[in-house]
Amino acid sequence: MDYPLFERTYYELVVNFDVFGTIAHQAQTRLYFDLIRNGGEQNYLRLIPPGERNRVLERWYQGAGNLKLDFSYAEMENTAPSQVPFATSAYNAELGARLLLNFHQLNAERDDPINRCGGKECGRKNEAPWVQQADRQLSTLAATRAEFLPAIRFLPNVTFVRVWTEQGERTVYTLIRDRAHENVAFLFNEDLRYQPEDDQLTIYPGIIGSYPNFMFDVPASQLKLFTERLAALTTDQQGKFDRLVSLWGVRRTHPRFWETLHDITQWQRENQPLQAGIFDINRYKNL
């Protein structure tokens, strides 16, 4: 996002946005921001060599998204050379990896050894040994498509996982279900563009989200078994998933539901005080 896009975003979504406006006003705001998003995408693609830019763009706008490329968005500039030197022909993947590496301090002020491990030591080095072990166990579920990790299809969008030891120590993770789409160019009919086989899990060490959809409460000594059973599930094994939930899940009817939720709330106050608050469980699911 360059300054002109930032300025347009500010005046559209802050200065001129009416929270109590009509549906037409809010829809027009959404459509205008759709153009701003495409402008940011084109800024990114200008860092990729010409000839490859449109191929990447077409992968982002599959199916009916091609209509937006043809009729709504500005044509992609595909002749000016990129000033970025590349070592491989996987330009998009290499550029993304280099941006993450060069600007890792902007990534919530931390590296990401759980989702982007690239080796055997997938835990955070500044944490206690038992937390590092928990990181390594959960990293086996990260960045794997639902085609190869069918258990993702059983999970909601945001799941909290509390991991605790017999000594009273605990830590919390958020399992985020990254929902894949053939494009995000339209406001409606999401189900028609949804690609569940390409969903992935992001394992966040901490809490993200104000609307938890479910919670798991797992002793550190059983976390390996928990991840192995999740990884072993297939799409036709709803019964086995139900048994997994009965062992470690915290349904609304669980006798320690409120105790677990309040402890996760307290953990966030202790470890993420600027983001801490009261969770809204209106979207909580009874898996």
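No lab work stands behind these numbers, since they all come straight from the coordinates. These numbers were taken from a predicted model, which means no experiment stands behind them. With ideal geometry, Cβ positions are generated from the backbone for all residues, glycine too; neighbour counts draw on all protein chains shown.
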- Task: Note down the nm distance, to one decimal, between modelled labels 7 Å out along Cα→Cβ at Q237 and at N189.
- Result: 3.7 nm
- Mind sorting I114, I281, I203 by how few other Cβ atoms lie within 10 Å of their own Cβ, fewest first? I281, I203, I114
- Message: When 1/r is averaged over all different Cα pairs and the result inverted, which Kirkwood radius in Å belongs to the chain?
- Response: 21.7 Å
- Evaluate the Debye formula for the stretch 122-271 with equal point scatterers sitting on the alpha carbons, no solvent, and hand back log10 of I(q)/I(0) at q = 0.10, 0.18 Å⁻¹, in q order, two decimals. -0.36, -1.13
- Task: Let me know the number of lysine pairs in the chain closer than 26 Å at the Cα, not counting same-chain pairs under 8 apart.
- Result: 5
- Message: Using the basic label-point model (7 angstrom from Cα toward the beta carbon), what is the M1 to F33 distance in nanometres?
- Response: 1.0 nm
- Neighbouring Cβ atoms within 10 Å as the yardstick, rank F20, F186 fewest first. F20, F186
- Query: Which part of the stretch 8-50 falls in the paramagnetic zone of S82, meaning amide N under 19 Å from the point 7 Å along Cα-to-beta-carbon?
  - Reply: 38-50
- Message: At 0.36 nm per residue, and after removing the present C-alpha to C-alpha distance, how many nm does the segment from R283 to S72 gain when stretched out fully?
- Response: 72.5 nm
- Message: Could you work out [θ]222 nm for the chain from helices alone, using -39500 (n - 2.57) per DSSP H run of at least four and dividing by all its residues? Round to the nearest 500 deg cm²/dmol.
- Response: -11500 deg cm²/dmol
- If every Lys and Arg gets +1 and every Asp and Glu gets -1 at its Cβ, then about the Cα centre the chain yields a dipole, in debye to the nearest 20, of 700 debye
- Among M215, M1, rank each residue by its count of other Cβ atoms within 10 Å, from fewest to most, as a rough exposure measure. M1, M215
- Message: Taking the Cα centroid of the stretch 224-275 and of the stretch 1-46, what is the distance between the two, rounded to the nearest whole Å?
- Response: 37 Å
- Query: How many percent of DSSP beta bridges within the chain run antiparallel, rounded to 5?
  - Reply: 70 percent
- To the nearest 0.05, the calculated FRET efficiency linking D178 and E147 through their beta-carbon distance, R0 being 22 Å, is 0.95
- Item | Contour excess over end-to-end distance, with Cα ends at R8 and E169 and 0.36 nm allotted per residue | 53.3 nm
- Note on the structure: Between the modelled labels at V245 and R59 (7 Å from Cα along Cα→Cβ) the distance in nm is 3.5 nm
